[in-house]
Amino acid sequence: MVNTKEKLRLKTATGSPAKADRPARERILEAARTQFAAHGLRGARLDAVAREAGCTKGLVIHHFGGKQQLWEAVLSYYLGMGRNSPFLSLSGSPDRQQLEHFLRRSFRFFQTHPDFSMLSNRVVIEPGSRPPAEMLSLIRNAGEAFAHAQHRGLIRADVRPRQAHLMTYCLIAGWFTYRDVFAQAWDADEPGDTDDQEFLEAMLVLLDGGLLSAPGPGHTREPSSSTPSTQGSA
């Protein structure tokens, strides 16, 4: 139980009486998510986490043991949310509504956890950092769920289900990563262009019907090549 004097100290440190009333472990995890997203595993400092959480560095170490363990706890916090997805837990029987719910749920996750995009990028670009086994397992499960959805006719047969999963992830993650940059280029000519809900609905429309319009009579798609051409353009 936090006494009155300690609450006053925490209120001063965190700037919020509501935040001061929360358990120390919860405050530390929230501060760590912010610090790791901004600075990565190597750049983040436990004293900065402690300062933001309104506690001592010793208390951070008491709860988590060290920076590596705290990093793993932050990733586990996010991955735990993914494990609870009904779409991923189904054994070969997803339907269209469940697939759409998965996409909407994924979008809302990024929307309500803005630090996750930066954290997931840190996992990829951080020198010496490797994706945790739990993350790789979750990605494999999602790929299998998309394959089951394809077998049930929910995803077109001429695409790879794992690539379909990655495409949807990139669409969602890319929106929250680059939305504000594009908004500056667009100069807010059309306010709806940067509206989250409008993008979500447009994304679902495109996934449902395809981006390109139906080809005209006699049109044939240019064949793809797995080997890039080394010659310049004519």
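The values are calculated or read from the model by the stated rules, or taken from the named source; none is laboratory data. Quick caveat, the model's predicted, so the values are computed rather than measured. As a convention, Cβ positions derive from the backbone with ideal geometry for all residues, glycine included, and neighbour counts pool all protein chains shown. Surface areas here come from the heavy atoms of the whole protein model, side chains and all, with no ligands, DNA or RNA. Shrake-Rupley method; radii C 1.70, N 1.55, O 1.52, S 1.80 Å.
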- Task: Show the residue pairs that are 6+ apart or on different chains and have beta-carbon atoms under 6 Å apart, the first residue being within the range 127-144 and over 14 Å from ALA164 (Cβ atoms) and open to solvent by less than 80 Å² (accessible area, probe 1.4 Å), the second being among the β-branched types (Val, Ile, Thr) and part of a helix (DSSP H, G or I).
- Result: SER129/VAL123; PRO131/VAL123
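Looking at the range 19-48, which of the residues that are open to solvent by 50 Å² or more (accessible area, probe 1.4 Å) and in contact (Cβ under 8 Å) with a residue 24 or more places away in the chain is nearest to PRO132 (Cα to Cα)?
If we filter the range 19-48 for residues that are open to solvent by 50 Å² or more (accessible area, probe 1.4 Å), which is where we start, we get 21-23, 25-26, 30, 34, 38-39, 42, 45, 47.
Checking which are in contact (Cβ under 8 Å) with a residue 24 or more places away in the chain leaves us with 25, 34, 38, 42.
On the way: ARG25: 22, THR34: 19, ALA38: 19, ARG42: 16 Å.
Checking each candidate, the answer is ARG42.
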- List every residue pair whose Cβ atoms lie under 9 Å apart, where the two residues are 6 or more positions apart in sequence or sit on different chains, the first residue falls within the range 175-196 and is more than 18 Å from PHE116 (Cβ to Cβ), and the second residue, located anywhere, is open to solvent by less than 100 Å² (accessible area, probe 1.4 Å) and among the hydrophobic types (A, V, I, L, M, F, W, C). ASP193/ALA183; ASP193/TRP186; ASP193/PHE199; THR194/ALA183; THR194/TRP186; THR194/ALA188
- Message: Could you go through the range 219-230 and let me know if any residue there is modelled with pLDDT of 90 or more and out of contact with any helix residue (DSSP H, G or I) (no Cβ under 6 Å at 6 or more places or on another chain).
- Response: no
- Message: Given the condition open to solvent by 40 Å² or more (accessible area, probe 1.4 Å), under 30 Å from LEU103 (Cβ atoms) and of a type in the set (S, T, N, Q), answer yes or no: does some residue in the range 49-64 qualify?
- Response: no
- Exactly one of ASP180, ASP187 is acidic (Asp, Glu), on the phi > 0 side of the Ramachandran plot and out of contact with any Gly (no Cβ under 9 Å at 6 or more places or on another chain), and that residue is ASP187
- Message: Restricting to the range 93-106, give me the number of residues that are open to solvent by less than 30 Å² (accessible area, probe 1.4 Å) and either more than 16 Å from ILE139 (Cα to Cα) or more than 17 Å from the chain's Cα centre (by Cα) (or both).
- Response: 2
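So is ALA157 loosely packed, with under 12 Cβ neighbours inside 10 Å, outside any helix (DSSP H, G or I), free of Cβ contacts under 8 Å to residues at least 40 places away in the same chain and aliphatic (A, V, I, L, M) or not? Break it down into steps so the answer makes sense when it comes.
Values: loosely packed, with under 12 Cβ neighbours inside 10 Å: yes; outside any helix (DSSP H, G or I): yes; free of Cβ contacts under 8 Å to residues at least 40 places away in the same chain: yes; aliphatic (A, V, I, L, M): yes.
The answer is yes for ALA157.
Restricting to the range 168-189, give me the number of residues that are closer than 14 Å to LEU99 by Cα and open to solvent by 40 Å² or more (accessible area, probe 1.4 Å). Show your work before the answer.
Of the residues in the range 168-189, the ones closer than 14 Å to LEU99 by Cα are 168-169.
From what's left, open to solvent by 40 Å² or more (accessible area, probe 1.4 Å): 169.
Total satisfying the criteria: 1.
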- Looking at (1) surrounded by 12 or more Cβ atoms within 10 Å (Cβ to Cβ); (2) under 18 Å from the mean Cα position of the chain (by Cα); (3) part of a helix (DSSP H, G or I), find the lone condition where ALA149 falls short. (2)
